1. Can you give me the relative contact order of the range A:184-250 as a percent, contacts being Cα pairs under 8 Å and 6 or more apart?
2. Taking H placed 1.01 Å from N in the peptide plane, check which residues at least 5 places from residue A:69 or on another chain put their amide H under 5 Å from its amide H.
3. Mind putting a number on the dipole of the protein assembly as shown about its Cα centre? Charges go on the C-beta only, +1 for Lys and Arg and -1 for Asp and Glu, and I need it in Debye to the nearest 20.
4. Evaluate peptide A:185-195: per residue, the Cβ atoms of other protein chains within 10 Å of its Cβ; return the mean as an integer.
5. What order do you get for A:75-82, A:103-110, A:90-97 when each peptide is scored by the mean count of other beta carbon atoms within 10 Å, highest first?
6. Kindly provide the helix-only [θ] at 222 nm of chain A, computed as the sum of -39,500 (n - 2.57) over DSSP H runs of four or more divided by all residues, to the nearest 500 deg cm²/dmol?
7. How many percent of Cα pairs in the protein assembly as shown exceed 42 Å?
8. Could you work out the mean projected area of the convex hull around the alpha carbons of the range B:21-95, in square nanometres to one decimal?
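Computed from the coordinates by the stated procedures, all read-outs in this text should not be read as laboratory data. Everything numeric here is computed off the predicted structure, so don't read it as measured data. Cβ sites come from the backbone with ideal geometry, for glycine too, and all protein chains shown count toward neighbours.
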Amino acid sequence: MSSPFLARNRVAVVGYAHTDVVKHADRSLGILALETAKQAIADAGLRTDQIDGFTSSALFPSAGNHAVEDGISTVSSAWLAQHLGVNPRFASGFQGHGQLPGSVALAVNAIASGGADYVLVHRALHNPPGSYHGNPMQHAVGAMQWTVPQGYFGPLAMIGLTYNEYLQRFGASPDAMATVLVEARKNGARIPWSYWHDRPLARQDYLDSPVLVEPIRRLDCDIPVDGVAAFVLTSAERARDLPHRPVYISGYASGSPTRPRSPLHWPLDDLYETGAETARRLWEAAGVGPGDIDLPQLYDGFSPFVYLWLEVLGFCPVGEAHLFVQNGGIDSDSPTGLPVLSGGGALGNGRMHGVPQMLECYLQLSNRAGQRQREGASIALACHSSPHLGGAVVYSTTAFS
Amino acid sequence: MVCPRCHHPDPGFTFEPVSGEGTLRSWVILHQSFLPGFDTLLPVVLVDVALDEQSDVRLIGRLLDGPDAPLVLGSRVRVAFEDLAPDIAVPAFTLA
């Protein structure tokens, strides 16, 4: 029996800022991150010199051969702190999958332990010129030598293999995924900063979308974008003195090692078995279960993740998410639907890597969602990446013990 | 190199011949490749195969039967190497 999670609801999100999500920004990612960080700090009612912790993930999630340059294609916590002109007590990057939940976890640990008082968590995503995942490599080394010569490469093939295993095992129709896309784009269309603002998707548009790596269609993939989000976290005690309603972090969990696999090889049973452990640890840390979650914001960078998270987190039985979705189960406008994509997700905002999920949790629970404000949500969940390698965070309006 | 079962750092692995027979665990069909040199081969069927001798050993290779081959989970396949260059062969498969 592991120790109880001592930081439950002892750290809160107290402010945020978010850029517009665009195909290509007219300024560098570093400059956008600096401006967004300053806005988030001001939004929290703080001064830059009060920020003594920075966490993030600087992963640039492209399979292409683009140069990775801090301040240009990615922005690390160290870069951001240096360019803000502060010398934090704690600046760290999360290295695993589920980059945003992992970054939140680092921040919670630092604050709850007294390692930092005010932590800026940010994520900066870049869309380079040219093909995002295309790679002109002539030689494959490392793990890629086992699959690249056959043509197996990049995240579309990776998720395609998992998704086809799902479709075949459970007899799901690929067309059922249209419901996920329509739902994500319906909500994304209502969000002023979204790349897809005012652009909902018709079911037929999904069905007409080209199949790139069968069964993955182009529209099953989020669109690469430039965008930055920043959140300010502090202790529940300090949060009481700040202008916005605190949103407490009840617990978090990150994925665990699976069986030895090639990095792009995600057999369906790995996602279920290891994902179940991610979920178990999340509920144990947060002290809640799936029935308590009013707002489960599920990761959808590739649409099949929605099915897998629905099942792994226990919102529907394994193998039935495709039916759950088709029966109106994720319609955020229905009183009986689970609002899993009410924030638009990645498919309705752009490739913001877990930001739309966390942002929707924060906006709804802090009562700052404006015209999109939902009634009665008090416990929310944001997840990112896959259930077996990624992570999730539970948020709450109250600091229950 | 670490043994995935006992985690010993010097597991003393040796090569063992296998039958080349296996079971289909999943597949994808590439209609677009993100790598050079595949465009003229499209569509390419790539299969995920569990070897008969050890089911957690998986190989991914082209299915040489083409995109219209009748595939189901559990289909039996057999290895058929592709010679990419005089000294380079990679595993491919055909329906058994």
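1. On the way: 37 pairs, mean separation 10.2, N = 67.
Normalised by residue count, the contact order of the range A:184-250 is 15 percent.
2. Close amide H contacts, sequence-distant or interchain: A:74.
3. Once rounded to the nearest 20, the dipole reads 1200 debye.
4. Numbers: counts 0, 0, 0, 0, 0, 0, 0, 0, 0, 0, 0.
Mean partner shielding for this stretch: 0.
5. Numbers: A:75-82: 22.4, A:103-110: 25.8, A:90-97: 19.2.
With the highest mean Cβ count within 10 Å placed first, the list reads A:103-110, A:75-82, A:90-97.
6. Values: 12 runs with 125 residues, N = 401.
Computed ellipticity for chain A at 222 nm equals -9500 deg cm²/dmol.
7. Values: 21808 of 123256 pairs.
Tail of the P(r) past 42 Å holds 18 percent of the pairs.
8. If you wrap the Cα atoms of the range B:21-95 in a convex hull and average its projections, you get 5.3 nm².
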